[in-house]
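Read through the structure below, which is laid out as structure tokens, and then see the notes.
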Amino acid sequence: MDNLSEQVILIIVASVFLLIVAGGIILLVYVYQRKQLSSLKEKEQLRVDFEKQILESKLEMQEQTMKNISQEIHDNIGQVLSLAKLTINTMNANNSETLQEKINNSKELIAKAIQDLRNLSRTLNTDNINDLGLLRSVEYELELLKKASAYRVELSFDGEAYRLEHKQELIIFRIFQEAIQNIIKHSHASHILVTFHYTSSHFELKISDDGVGFDTHLNGINKKELGGGMGLRNIGHRAKLIAADCSVESHPGKGTTLQIKLPLTS
Ligand SMILES: Nc1ncnc2c1ncn2[C@@H]1O[C@H](COP(=O)(O)OP(=O)(O)OP(=O)(O)O)[C@@H](O)[C@H]1O
Ligand SMILES: [Mg+2]
């Protein structure tokens with residue numbers, strides 16, 4: 001082979017080599033971009049899902065608040081005002097002995113109704129959880145439950161209380177409400193215990209009842225992927241969105257405990 005042909009072959013081999021390298025690089029860039037795009041899409045999907053869950057939680061919270069308010073007005077404030085009206089109706093101006101007592105009673109009853117109304121108007125604020133915080137909102141919800149039902153309700157704390165992020169508090173409060181609704185609907189319990197546990201590494205909330213309990217296996221409730229009805233499924237899904245661990249411990253005849261554990265990131 002002469003020198004010229006050797007050079008041509010060399011150029012061809014080098015060109016093919018360069019083409020392969022360039023092709024490889026283009027392929028790599030393409031695969032990398034595809035991966036980036038799909039991870040961006042995944043992140044966007046997670047964000048959309050998170051916002052949707054926040055919105056749903058807010059709407060459900062408002063619905064529950066409305067139910068609580070209508071019950072409070074009917075069972076409590078309405079009763080107190082009816083009693084005040086009855087007391088005023090039975091006042092006899094000629095009987096000065098009972099008159100003063102009845103006036104005092106009516107004053108007390110009306111003052112109580114005003115105070116209850118004030119408390120209620122605070123709960124009407126939809127961003128209540130933001131103003132009051134998780135702890136106070138839970139306390140208030142339990143106060144209403146105590147008034148309206150025959151449960152013995154106990155609240156216990158462990159550690160120094162702190163606030164969580166607004167969205168975390170909102171999701172946890174909604175989980176708490178669903179746990180309470182489940183107790184009212186299914187448990188036939190007489191005692192409800194709610195425990196707040198604050199540590200420097202995590203926040204934990206437990207809601208326990210001493211009711212009929214249920215078989216978590218029969219209900220198809222895997223402890224990692226809370227399942228069963230919509231309520232528990234939503235709880236599991238929402239807990240994951242704020243990176244919290246949520247589990248339900250229950251046995252027939254031995255009550256139920258729902259636990260949310262949220263690791264603190266900063
Ligand atoms: N505290 C509890 N005590 C007894 N049984 C419970 C309790 N919590 C849940 N369960 C059982 O687990 C099942 C699933 O609960 P879940 O909240 O998912 O659904 P639901 O309350 O039946 O319906 P939904 O919440 O969708 O209105 C309930 O039907 C009930 O049998
Ligand atoms: Mg439910």
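The values are calculated or read from the model by the stated rules, or taken from the named source; none is laboratory data. Quick caveat, the model's predicted, so the values are computed rather than measured. FYI the Cβ positions are ideal-geometry reconstructions off the backbone, even for glycines, and counts take in every protein chain you see. Keep in mind that these areas ignore ligands, DNA and RNA; they rest on the heavy atoms of the full protein, side chains included. Shrake-Rupley method; radii C 1.70, N 1.55, O 1.52, S 1.80 Å.
Some notes on this structure:
- Fraction of the pair-distance distribution of the chain above 28 Å, Cα-Cα pairs, percent: 54 percent
- Computed accessible area, TYR162, all protein chains, 1.4 angstrom probe, square angstrom: 70 Å²
- Fully extended contour minus Cα-Cα distance, from LYS112 to ALA243, at 0.36 nm per residue: 42.9 nm
- In degrees, nearest ten, helix 230-241 long axis to first principal axis of the chain (Cα): 50 degrees
- At R0 = 45 Å, FRET efficiency that the Cβ-Cβ distance of THR265 and GLN79 yields, to 0.05: 0.45
- In this structure, the pairs whose alpha-carbon distance is over 27 Å, taken from LYS41/LYS206; LYS35/LYS167; LYS58/LYS254; LYS146/LYS185, are LYS41/LYS206; LYS35/LYS167; LYS58/LYS254.
- For the chain, the relative contact order comes to 13 percent (Cα pairs under 8 Å, sequence separation of at least 6).
- Length gained on full extension, HIS251 to ARG136: 38.3 nm, using 0.36 nm per residue less the C-alpha separation.
- Where labels lie 7 Å past Cα in the beta-carbon direction, separation of ARG163 and ALA93 in nm: 5.5 nm
- Relative to the longest principal axis of the Cα atoms of the chain, the long axis of helix 3-72 lies at roughly 10 degrees.
- Compared with the direct C-alpha span, the chain from HIS197 to ASN3 gains 61.3 nm at full extension, assuming 0.36 nm per residue.
- Calculated SAXS-style log₁₀ I(q)/I(0) at q = 0.11, 0.23 Å⁻¹ - the range 92-219, Debye, Cα scatterers: -0.54, -1.38
- Comparing ALA113, ALA93, ALA243 in a Gaussian network model of the chain, where Cα atoms under 10 Å apart are tied by springs, the biggest mean-square fluctuation is seen for ALA93.
- Of GLU141, GLU160, GLU154, GLU108, the residue with the largest accessible area leads and the full order is GLU160, GLU108, GLU154, GLU141 (1.4 Å probe).
- For the range 1-121: rounded, prolate or oblate by the Cα gyration tensor [a/c cutoff 1.5]: prolate
- Carbon/sulfur fraction of accessible area - the chain, other protein chains in place, 1.4 Å, %: 59 percent
- Solvent exposure of the chain amounts to 64 Å² per residue of accessible area, where only protein heavy atoms count and the probe is 1.4 Å.
- Separation of alpha-carbon centers, the range 10-53 and the range 121-169, rounded to whole Å: 49 Å
- Pairwise FRET efficiency - GLU56 versus ARG152, Cβ, R0 = 22 Å, nearest 0.05: 0.10
- Estimated distance in nm for a label pair at GLU143 and LEU86, the labels positioned 7 Å out from Cα along Cα-to-Cβ: 2.5 nm
- Using alpha-carbon coordinates, inclination of helix 166-182 to the longest axis of the chain, degrees: 60 degrees
- Only helical runs count toward this figure. For the chain, summing -39,500 (n - 2.57) over DSSP H runs of n ≥ 4 and dividing by all residues gives -21500 deg cm²/dmol at 222 nm.
- Averaging the sequence gap over all C-alpha pairs within less than 8 Å and six or more residues apart, then dividing by the number of residues, gives the range 26-114 a relative contact order of 23 percent.
- In this rough spin-label picture, where each label sits 7 Å from Cα along the Cβ direction, the LEU27-ASN104 distance is 9.6 nm.
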